[in-house]
């Protein structure tokens, strides 16, 4: 029998012979389901998940190979990931429909889930989502820089202590208001070489994932709110070292146009700009913006004009 790791929250469910953790709070329908980005954990959404639980059923989980789930070979296809999520929700007794909340790579998985299982989805909140047309909206120099990045070389087995301490400091800042035990656990996991490698591995087939989404047809016409980070904060500066600030501003302009188009692809879509935060830190530093989008799509408010 496999050793059972201690879960900070929730319990394990078996899906496809693997143990996946899911944490559930609240009650009601539709259920809000949080999908984290690459190399992250569902627990990164804890501050928003608890607030959403005051309105309805609210759950987060970890995909196989990530967070506290059983390890699997990465990367995987989006079809595998979305099939897994649907089965997990069935096994855990969380009935459809779902309001899917996805950050970064989790945003792409949320869209693909809605394309494949439109009857299961009541709405989407996409936070800085990975998108198949992202590169086409970016300055060519920036795309060239990304293409030269080698994840195998960029994530060594051992990280220099000064690098670990630097990122530990960044996470300590954005998690300053979290309960101490949860904060320290997440900080240690996020600065571990294992989680950093998992993030790189999970996103290594992004172009294959893009092809899956392109081939899955139109997004169903469900209410949609996109949250676009328009700041260049300490996290963004850290992962963009050597990139001229002018290019980073061009990236923001490009993704704003892209996400405007994404929001316009449905009849009740909106792209909301979130100032002073970057891609990675938005869910930690602006949980209010994420919660407000959830609140509105649950019918407690309404989307505004684009």
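Among residues belonging to segment 68-84 that are touching a strand residue (DSSP E or B) at 6+ places or on another chain (Cβ under 7 Å) and over 23 Å from residue 115 (Cβ atoms), point out the one that is surrounded by the most Cβ atoms within 10 Å (Cβ to Cβ).
Looking at the filtered set, the residue picked out is 69.
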Go through the residues of segment 177-185 one by one and say whether even a single one is touching a residue at least 12 places away in the same chain (Cβ under 8 Å) and touching a helix residue (DSSP H, G or I) at 6+ places or on another chain (Cβ under 6 Å).
no
Among the numbered conditions (1) closer than 20 Å to residue 60 by Cβ; (2) within 19 Å of the chain's Cα centre (by Cα), tell me where residue 233 comes up short.
(1)
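Yes/no per residue for (1) under 21 Å from residue 78 (Cα atoms); (2) in a helix (DSSP H, G or I); (3) at pLDDT 95 or above:
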residue: 200; (1), (2), (3): yes, yes, no
residue: 213; (1), (2), (3): yes, yes, yes
residue: 235; (1), (2), (3): no, yes, no
residue: 246; (1), (2), (3): no, yes, no
residue: 253; (1), (2), (3): no, yes, yes
residue: 256; (1), (2), (3): no, yes, yes
residue: 271; (1), (2), (3): no, no, yes
residue: 291; (1), (2), (3): no, yes, yes
residue: 306; (1), (2), (3): no, no, no
All positions within segment 273-289 that are in a loop (DSSP other than H, G, I, E, B) and closer than 13 Å to residue 126 by Cα:
279
Of (1) over 14 Å from the mean Cα position of the chain (by Cα); (2) within 18 Å of residue 120 (Cα to Cα), residue 35 satisfies all except one. Which?
(1)
Residue pairs, Cβ under 8 Å, 6 or more apart or interchain, first in segment 238-258 and closer than 13 Å to residue 137 by Cα, second modelled with pLDDT of 95 or more and in a helix (DSSP H, G or I). List them.
254/137; 255/137; 257/137; 258/137
Total residues in segment 46-63, condition without any contact (Cβ under 8 Å) to a residue 40 or more places away in the chain, surrounded by 19 or more Cβ atoms within 10 Å (Cβ to Cβ) and farther than 21 Å from residue 185 by Cα
2
Is it the case that some residue within segment 153-168 is in a helix (DSSP H, G or I), on the phi < 0 side of the Ramachandran plot, modelled with pLDDT under 85 and within 22 Å of the chain's Cα centre (by Cα)?
yes
Could you tell me which residue of segment 190-204 is surrounded by the fewest Cβ atoms within 10 Å (Cβ to Cβ), considering only residues that are touching a residue at least 12 places away in the same chain (Cβ under 8 Å) and more than 16 Å from the chain's Cα centre (by Cα)?
193
Within segment 91-104, identify whether any single residue is assigned to a helix (DSSP H, G or I) and crowded, with 24+ Cβ neighbours inside 10 Å, and answer yes or no.
no
Residue 36 fails exactly one of (1) touching a helix residue (DSSP H, G or I) at 6+ places or on another chain (Cβ under 7 Å); (2) farther than 19 Å from residue 175 by Cβ; (3) buried (at least 23 other Cβ atoms within 10 Å of the Cβ), namely (2)
Odd one out for residue 207 among (1) under 16 Å from residue 129 (Cα atoms); (2) surrounded by fewer than 17 Cβ atoms within 10 Å (Cβ to Cβ); (3) touching a residue at least 40 places away in the same chain (Cβ under 8 Å):
(3)
Any chance you could count how many residues in segment 60-90 are in contact with a helix residue (DSSP H, G or I) (Cβ under 9 Å, 6 or more places away or on another chain), in a helix (DSSP H, G or I) and under 30 Å from residue 292 (Cβ atoms)?
6
Does residue 28 count as closer than 21 Å to residue 124 by Cβ, without any contact (Cβ under 8 Å) to a residue 60 or more places away in the chain and out of contact with any helix residue (DSSP H, G or I) (no Cβ under 8 Å at 6 or more places or on another chain)?
yes
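The values are calculated or read from the model by the stated rules, or taken from the named source; none is laboratory data. Because the structure is a prediction, the values reported are computed rather than measured. Cβ: placed from backbone, ideal geometry, glycine included. Neighbour counts: every protein chain shown.
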